[in-house]
Amino acid sequence: MSAVEIVRFAVRGLAANKMRSALTTLGILIGVAAVILLVAVGEGSSQSIQKNIAQLGANTLTVSSSTSGGFSRGQEATGPRTQARPLTVDDARALADRAAAPSVASVSPVVSANAQTASYEGASHAIQQVVGTYPSYFEASNKPVAKGAYFFNDDVLAARKVVVIGQTVAENLFGPVDPVGRQVTITGVPFTVVGVLKEAGSSSGFQDADDVAIAPLPSVQQSLTGFGPLSQILVKAESADAVDAAQAEITSVLDQRHGVGGAVAADYQILNQATLQETVSAATSTFTVLLAAVAAISLLVGGIGITNIMLVTVTERTREIGIRKAIGAPRGAILGQFLVEATLLSLIGGLLGVAIAVAGAQFTIAGITPVVVPGSVVLALGVSVAIGLFFGSYPANRAAKLRPIEALRFE
Amino acid sequence: MTLVLDVRDATKVYGAGETAVHALRGVSLQVEPGDYVAVMGASGSGKSTLMNIIGCLDVPTAGEFHLDGVDVGGLDDRQQAVVRNRKIGFVFQSFNLIPRMSALTNVELPLAYGGVRPAERRRRALAALDLVGLADRVNHQPNELSGGQQQRVAIARALVTSPALLLADEPTGALDSSSTLDVLGIFDRLSAAGRTIVVITHEPDVAEHAKRVIRLRDGQVVEDTRLAPVDGLPPRLGEVTA
């Protein structure tokens, strides 16, 4: 009795009841496909978030003002603090001091204005974010230009009305026309386009990273935001290793300038790229595990379906088992046949599930491009085979242990 | 000469205590090679129990049982399966073919469990089907065959391993009279060819074909009549084939 023979008997057994076999297979198929697909969705969302964070620029720290700081929390637990000092260009200058902050490579003060209407000839477009800053911002925030050039320190000093626009802006306003050298009007103020940013590609949820315009700080202040506080200060550290040191230096400089210490809590916050990345990846992996766990339950249910159907099959074929035993089938052959039947059901279900999951992963699901993790495919397939063996072993054992006289008497 | 069957003082008790049923109360039976034995008895006489023991489907409560020189009592599950496969060919009242498998596959099945190679298996299965006159029905499934044809497939399946003993349990019980004659004719010819056959039956017509008739009552052998010598032809061979 060879293994091939046993597999042939098993296939014959399954083919005898095609509908039932197909439905049982479907249970495993759904389980496997769900595991792979949900893990892929989790992985895809994790990767897109990581990419968005990386786009903020490497080795950067973002300093922004905070409303929760100020005097001790007990005193002013609610409401915005009145004594909070906004971030100013002077703060930025202080941070650029090599003596006080040796780990800082560049400092870019940033003001931003949201939803500014820009127009060029007939076309008009509401730019999601207009940023006023220094040229160092481009490098720190990881925004290279695709066409044209950046603006320079001279432009900042002279408050020239020049602007570098993102891809979305360029497409909406200029279409096929090369925007470099042309003039756009942003909220009534004419700016000359000097460059177009390289496409960032991804959009983090509802924010399009390409829907931006970047101009010199004083130009934006003059025409759009006024000379109020900065929205943030973007600091680039010397190297990845220096990020923590830079954060400490920024803290000491700003604490001194803003009178923070003792009972007074900081009126600014520093967003550390690396910390953010760690936090987010921890959160997304929890999310992925949760998805996989839900999917694993459906795989388990599929496995129980296999046990159920195999028990029915064994009962239904009791007489056949008795005949086989009477003509000399050893226990192993019967056990093998039913075990292989169960395993085939789960293996076929598993393979189809992988196929469907891989096909499904080609589509964007809920705004996320799923990324199939090879490990999850191997695991899901392995688990599905293990489920066949595990959940099939009880019915198969029952079949093998049947006593031939009783099995033959069974009607 | 080795006896094909050697049952010595076999008893079989089902249950225990006051509700115990003594199906066999010390049966001894020796069958020589080439013999054709009919075991008769009313229902409840213990003939089915005897058949189960002879067929290695059950073990006696006490007593010894040798099949073709092998002490079956001492065999484990796996060895019993081998004995059933090699030494016994079963023919049942209700045919017991496996549904949805062609006649050929059904006949090949014992050879498959015996580990015979596919080509050899097919050759022997076709030969066995030819012997029972079903060479033209090899690819039919059991539900496409008449009762007599199904029983002939079952006989082919029993013969295909060349067993030491052909064991038939009421082989004609579910057949009409012409199919019955077909099957009995096959048994007569097999007996004439030297096969050892044990038929369990309650029909005198069937028993008349045997060389030796054993009657069971209340779990004991009450009569043992020889109708023809062991090495002779079965008594009704001429009539059936004529």
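Some observations on this one:
- What you get for the range A:60-269, charging only the Cβ of Lys and Arg (+1) and of Asp and Glu (-1), is a dipole of about 360 debye around the Cα centre.
- Other protein chain C-beta atoms within 10 Å of residue C-beta, averaged over A:404-410: 4.
- All Cα-Cα separations within the protein assembly as shown were binned at 20 Å from zero, giving a P(r) of 15, 28, 16, 13, 15, 11, 1, each value a whole percent of the pairs.
- The alpha carbon centroids of the range A:384-403 and the range A:84-155 are separated by 68 Å.
- Taking a straight line from the alpha carbon of B:K211, these lysines sit under 28 Å away, with near neighbours fewer than eight places off in the same chain left out: B:K12, B:K47, B:K87.
- Percent antiparallel among DSSP beta bridges (both partners in the protein assembly as shown, rounded to 5): 70
- Cα centroid separation, the range A:293-346 to the range A:246-284 (Å): 62
- Gaussian network model of chain B, springs between alpha carbon atoms under 10 Å - residue of B:A174, B:A210, B:A20 with greatest fluctuation: B:A20
- Rounded to the nearest 10 degrees, the angle from helix B:147-159 to the longest Cα principal axis of chain B is 70 degrees.
- Packing, taken as the mean count of other beta carbons within 10 Å per residue, orders the peptides B:63-75, A:305-317, B:148-160 from highest to lowest as B:148-160, A:305-317, B:63-75.
- A crude spin-label estimate for the pair B:A62 and A:V280, with each label 7 Å from Cα along the Cβ direction, gives 8.6 nm.
- By accessible area with a 1.4 Å probe, ligands and nucleic acids excluded, highest first: order of A:Y394, B:Y36, A:Y134: A:Y394, A:Y134, B:Y36
- Ranking by accessible area, most exposed first, for A:T88, A:T288 with a 1.4 Å probe: A:T88, A:T288
- A:K198 versus B:Q141: modelled label distance in nm, points set 7 Å from Cα along the beta carbon direction: 6.6
- Largest first, the three principal axis extents of the alpha carbons in the range A:60-269 are 58, 37, 35 Å in whole numbers.
- Accessible-area value, B:R8, 1.4 Å probe, nucleic acids and ligands omitted, Å²: 120
- For chain B, the dipole from Cβ point charges (+1 on Lys and Arg, -1 on Asp and Glu) about the Cα centre works out to 680 debye, to the nearest 20.
- Chain A, relative contact order in percent, only Cα pairs under 8 angstrom and at least six apart counted: 30
- In chain A, the calculated helix contribution to ellipticity at 222 nm averages -17500 deg cm²/dmol per residue, counting -39,500 (n - 2.57) for every DSSP H run with n ≥ 4.
- Within the protein assembly as shown: Cβ-based charge dipole about Cα centre, in debye rounded to nearest 20 (Lys, Arg +1; Asp, Glu -1): 1020
- Where both bridge residues fall in chain B, DSSP classifies roughly 55% of the beta bridges as antiparallel.
- Calculated over the range B:59-170: convex hull of Cα atoms, volume per residue (Å³): 110
- What the range A:258-407 shows is 44 Å² of accessible area per residue, with the surface traced by a 1.4 Å probe over protein heavy atoms.
- Cα gyration tensor shape of chain B, rounded if a/c is under 1.5, else prolate or oblate by comparing a/b with b/c: prolate
- Counting only DSSP beta bridges with both residues in the range A:60-269, the antiparallel share comes to about 80 percent.
- Label-to-label distance, nm, for residues given as A:N153 and B:S94 (7 Å Cα→Cβ offset): 10.1
- Relative to the dominant Cα principal axis of chain A, helix A:18-55 is inclined by about 20°.
- Averaged over the residues of peptide A:319-326, the number of Cβ atoms from other protein chains lying within 10 Å of each residue's Cβ is 6.
- 10 Å Cβ neighbours from other chains, averaged over peptide B:94-104: 3
- Threshold 40 Å², the range B:52-81 residues less accessible with all protein chains present than alone (1.4 Å probe): B:L57, B:D77, B:A81
- By accessible area with a 1.4 Å probe, ligands and nucleic acids excluded, highest first: order of A:K401, A:K161: A:K401, A:K161
- Computed extension gain for A:T187 through A:R8, at 0.36 nm per residue and net of the alpha carbon distance, reaches 56.7 nm.
- Principal-axis tilt of helix A:374-401 within chain A, Cα atoms, nearest 10 degrees: 20
- Dipole of the protein assembly as shown [Lys/Arg +1, Asp/Glu -1 at C-beta], most positive-end residue of B:G17, A:Q167, B:T2: B:T2
- B/A buried area, accessible surface, summed, 1.4 Å probe, Å²: 2200
The values are calculated or read from the model by the stated rules, or taken from the named source; none is laboratory data. All values derive from a computational prediction rather than experimental measurement. Don't worry about glycine lacking a Cβ; one is built from the backbone with ideal geometry, like all the others, and counts go over all protein chains shown. We work out accessible area using only protein heavy atoms, side chains counted, and drop any ligands, DNA or RNA first. Shrake-Rupley method; radii C 1.70, N 1.55, O 1.52, S 1.80 Å.
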